[in-house]
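A quick write-up on the structure given underneath.
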Amino acid sequence: MPPRSSRPVDKFDDDDYPAYTMGRAADMIGTTPAFLRALGENRLITPPRSEGGHRRYSRYQLRIAARARELVDDGTPIEAACRIIILEDQLEEAQRINEELRTRDATS
């Protein structure tokens, strides 16, 4: 999933800032590094890499990973969980665009 467009000035407030190592990220959402790698393999999240080649996760990516973990914990296969989250994101974006168009048309 791509990063969101609005960028805070301070990286500490930036949900897209890749601040967490794989181990810390896995610990924060209560899963394993292998689970995070699987999310990458299924193209749900693509963490940037540090100069040393290590994955770095943002808070936004961790929220997505936590949602995937919820679905997997409920018995959804990881591939299906990733697809569900991608479709949820696409639906949310389509609804946002529709609302913008409705608002624009109402003011025209």
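Computed values, structure above
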{"quantity": "Meets criteria (farther than 16 Å from Ile78 by Cα and in contact with a helix residue (DSSP H, G or I) (Cβ under 7 Å, 6 or more places away or on another chain)) for Arg59", "calculated": "no"}
{"quantity": "In the range 31-90, residue most open to solvent (accessible area, probe 1.4 Å) [restricted to those that are under 17 Å from Thr21 (Cα atoms), part of a helix (DSSP H, G or I) and among the charged types (D, E, K, R)]", "calculated": "Arg63"}
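The values are calculated or read from the model by the stated rules, or taken from the named source; none is laboratory data. Quick caveat, the model's predicted, so the values are computed rather than measured. Backbone-built Cβ (ideal geometry, glycine too); neighbour counts: all protein chains shown. These area figures cover heavy atoms from the full protein model, side chains too; ligands, DNA and RNA do not enter into them. Shrake-Rupley method; radii C 1.70, N 1.55, O 1.52, S 1.80 Å.
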